[in-house]
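The values are calculated or read from the model by the stated rules, or taken from the named source; none is laboratory data. As the structure is a prediction and not an experimental result, all values here were calculated from the model. Heads up, the Cβs are rebuilt from the backbone with ideal geometry, glycines too, and the neighbour counts pull from every protein chain shown. When the accessible area is computed, the model is the full protein with side chains, heavy atoms only, and any ligands, DNA or RNA have been set aside. Shrake-Rupley method; radii C 1.70, N 1.55, O 1.52, S 1.80 Å.
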Amino acid sequence: MNRPTDKARLLLQIRQEGVTDLRILAAFESVPRHMFVPEMFFEHACDDTSLPIPCGQTISQPSLVAVMTSALDVGDRMKVLEIGTGSGYQTAILAYLCRRVYTIERHRLLSLEANRRFHELGIHNISTSVNDGYQGWPAQAPFQRILVTAAAPEPPPTLLKQLANDGIMVIPIGPADKKQTLYRLRREGESFREDRLIDVRFVPLVEGDISET
Ligand code: SAH
């Protein structure tokens, strides 16, 4: 489940992906992944694989969460916007590293469950919202960092507008269920410098109405 040896193995896998930042490793050390997966998968909570969560969604593979977190280059005074709360695991990792995370999820049930977990873990620097992430969180913009954890055909213009100057957005780009690429975009005034990172596979970023389940 969450035996120390399993956790050590997971941390080793994260290091093998090239993530050696001690603050990030400490975040993974402190956030218990088994609390974010359905009970039937407790035993696999420390495996380096994605797992199903309710509403047909997935909790991402831990080493990928680490790579995305590392690419985001989060500082402890930053305000971070996350699109796609899902289980809340990535959110909790970010919350460990920054001042406050604003996280948006379109499934009400997932958002409620994630909120309960944050409460149980005593994490108090996360604001959740049930909404269409394509709209971002205008009242709190600009954000120094934006992380999108579902794949979009292109970076949503509204989110690009909510990125602070010099800010970084990490986002998987590509068609649903086909090859997608993780991008890191850095805002330089009105233009964006693009870095292609790795090939990935995410659930799609769904535009429009929220889902009451
Ligand atoms: N980071 C999450 C992974 C979640 S999977 C984790 O570690 O558990 C991506 C999530 O994005 C799903 O929960 C999905 O419902 C959500 N999502 C998809 N489109 C969205 C949108 N337009 N706005 C907000 N959330 C969205």
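Return the residue satisfying two criteria in turn: it lies in region 97-121 and is more than 14 Å from the ligand (Cβ to nearest atom) and in contact (Cβ under 8 Å) with a residue 12 or more places away in the chain, and of such residues it is surrounded by the most Cβ atoms within 10 Å (Cβ to Cβ).
My answer is 97.
Considering each of 90, 135 in turn, give the residue that is surrounded by fewer than 18 Cβ atoms within 10 Å (Cβ to Cβ), free of Cβ contacts under 8 Å to residues at least 60 places away in the same chain and under 28 Å from residue 199 (Cα atoms).
After applying the criteria, what remains is 135.
Can you pull out the residues in region 66-87 that are open to solvent by less than 10 Å² (accessible area, probe 1.4 Å) and under 12 Å from residue 126 (Cβ atoms)?
80, 81, 82, 85
How do the pairs read when you match residues in region 190-213 that are within 16 Å of the ligand (Cβ to nearest atom) with residues anywhere that are open to solvent by 100 Å² or more (accessible area, probe 1.4 Å), using Cβ under 8 Å and keeping only pairs 6 or more apart or on different chains?
201/177; 201/179; 204/177
Name the pairs: first residue in region 146-157 and closer than 14 Å to residue 81 by Cβ, second residue more than 8 Å from the ligand (Cβ to nearest atom) and open to solvent by less than 10 Å² (accessible area, probe 1.4 Å), Cβ to Cβ under 6 Å, at least 6 apart or on different chains?
146/81; 146/159; 146/163; 146/169; 147/72; 147/170; 148/171; 155/171
Just to be sure I understand, how many residues within region 122-133 are more than 14 Å from residue 31 (Cβ to Cβ) and more than 10 Å from the ligand (Cβ to nearest atom)? Outline the logic, then answer.
Here is the first cut: in region 122-133, the ones more than 14 Å from residue 31 (Cβ to Cβ) are 124, 127-133.
Next, only the ones that are more than 10 Å from the ligand (Cβ to nearest atom) stay: 124, 127-128.
The total comes to 3.
Which of the residues that make up region 184-213 are among the hydroxyl-bearing types (Ser, Thr, Tyr) and crowded, with 20+ Cβ neighbours inside 10 Å?
The initial filter retains those residues of region 184-213 that are among the hydroxyl-bearing types (Ser, Thr, Tyr), namely 191, 211, 213.
Answer for region 184-213, where residues must be among the hydroxyl-bearing types (Ser, Thr, Tyr) and crowded, with 20+ Cβ neighbours inside 10 Å: there is none.
Restricting the search to region 173-188, which residues are farther than 18 Å from residue 17 by Cα and either part of a strand (DSSP E or B) or modelled with pLDDT under 95 (or both)?
So the first thing to find is which residues in region 173-188 are farther than 18 Å from residue 17 by Cα, and the list is 173-180, 185-188.
Matches in region 173-188: 173, 175, 176, 177, 178, 179, 180, 185, 186, 187, 188.
Restricting the search to region 1-43, which residues are among the aliphatic types (A, V, I, L, M) and touching a strand residue (DSSP E or B) at 6+ places or on another chain (Cβ under 9 Å)? Before you say what the answer is, go through the steps one by one.
Here is the first cut: in region 1-43, the residues among the aliphatic types (A, V, I, L, M) are 1, 8, 10-12, 14, 19, 22, 24-27, 31, 35, 37, 40.
The answer is 37, and nothing else.
Could you check region 138-148 and list, in sequence order, the residues that are hydrophobic (A, V, I, L, M, F, W, C), away from the ligand (no atom under 11 Å from the Cβ) and open to solvent by less than 40 Å² (accessible area, probe 1.4 Å)?
141, 143, 146
Which ones in region 22-31 are buried (at least 17 other Cβ atoms within 10 Å of the Cβ) and of a type outside the set (A, V, I, L, M)?
Of the residues in region 22-31, the ones buried (at least 17 other Cβ atoms within 10 Å of the Cβ) are 24, 27-28, 31.
Matches in region 22-31: 28 only.
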